[in-house]
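Everything on this sheet refers to the single structure shown next.
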Amino acid sequence: EPIGTQDKMIAGLVKGAGTGVIIVANKWDLVENKDPATINRMRELVAGSLPFIAWAPTVFVSAKTTQRIPDLFALIDEVQAARHAQITERDLETFWRAAVRAHLPSRGKGPKPPEIMGMEQTGTSPPTFNLHIKAKRLDVLHPSYLRFLENRMRIHFKLTGTPIVINIVGMTSRG
């Protein structure tokens with residue numbers, strides 16, 4: 001069955017709570033005419049229906065046959081570890097410098113794109129970071145750049161199934 005309004009509402013509440021998320025779709029045994037691409041099409045369907053938690057892993061299970069049920073426990077441990085990940089200052093600096101080299105910050109409101117001065121982890125559960133930019137206004141960094149950083153962090157640091165919070169902190173030059 002398609003993802004309903006109530007499912008979307010629950011997913012929104014879970015995201016708002018900052019908790020880890022694993023999407024578990026049951027009754028995989030009832031899907032007919034499956035081929036190797038079926039599971040990928042279903043993952044795309046789920047991600048399209050729940051774009052605000054597209055970062056959550058999706059597992060297709062069968063409670064009746066226990067297909068993929070054992071896989072859930074390892075995934076739960078992985079998500080829990082990601083929620084409590086502590087990233088060293090050195091690894092974080094290497095990461096943000098490489099990200100800026102790969103893709104310069106996009107300009108939001110303001111005359112020019114901001115300069116990124118640094119990044120620090122300020123908390124876990126969920127992983128929370130401050131991104132220091134050289135600017136008087138915080139809206140000079142386009143929101144799409146934060147999504148870019150979040151997506152890269154998720155892959156680079158294996159932050160599976162957890163939201164990532166990136167706060168922008170403005171720094172002005174003294175002179």
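Overview of results
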| read-out | value |
| --- | --- |
| Condition broken by Leu72, with the remaining ones in (1) more than 23 Å from Gly123 (Cβ to Cβ); (2) free of Cβ contacts under 8 Å to residues at least 24 places away in the same chain; (3) of a type in the set (A, V, I, L, M) satisfied | (2) |
| Test result for Thr160, in contact (Cβ under 8 Å) with a residue 12 or more places away in the chain, touching a helix residue (DSSP H, G or I) at 6+ places or on another chain (Cβ under 7 Å) and either open to solvent by 30 Å² or more (accessible area, probe 1.4 Å) or more than 11 Å from Pro105 (Cβ to Cβ) (or both) | yes |
| Count of residues meeting criterion [surrounded by 14 or more Cβ atoms within 10 Å (Cβ to Cβ) and either without any contact (Cβ under 8 Å) to a residue 24 or more places away in the chain or basic (Lys, Arg) (or both)] in region 101-129 | 3 |
| Positions within region 45-100 being of a type in the set (Val, Ile, Thr) and crowded, with 16+ Cβ neighbours inside 10 Å, in sequence order | Val46, Ile53, Thr58, Val59, Val61, Val79, Ile87 |
| Search result, residues across region 1-37 that are of a type in the set (Val, Ile, Thr) and part of a helix (DSSP H, G or I) | Thr5, Ile10, Val14 |
| Any chance Ile22 is open to solvent by less than 50 Å² (accessible area, probe 1.4 Å) and modelled with pLDDT of 90 or more | yes |
| Cβ-Cβ under 9 Å pairs, at least 6 apart or on other chains, region 31-48 side over 17 Å from Glu1 (Cβ atoms) and of a type in the set (D, E, K, R), far side open to solvent by less than 70 Å² (accessible area, probe 1.4 Å) and not in a loop (DSSP other than H, G, I, E, B) | none |
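The values are calculated or read from the model by the stated rules, or taken from the named source; none is laboratory data. None of the values given here were measured: they were computed from a predicted structure. For neighbour counting, all protein chains shown are included, and Cβ atoms are generated from backbone atoms with ideal geometry for every residue, glycine included. These area figures cover heavy atoms from the full protein model, side chains too; ligands, DNA and RNA do not enter into them. Shrake-Rupley method; radii C 1.70, N 1.55, O 1.52, S 1.80 Å.
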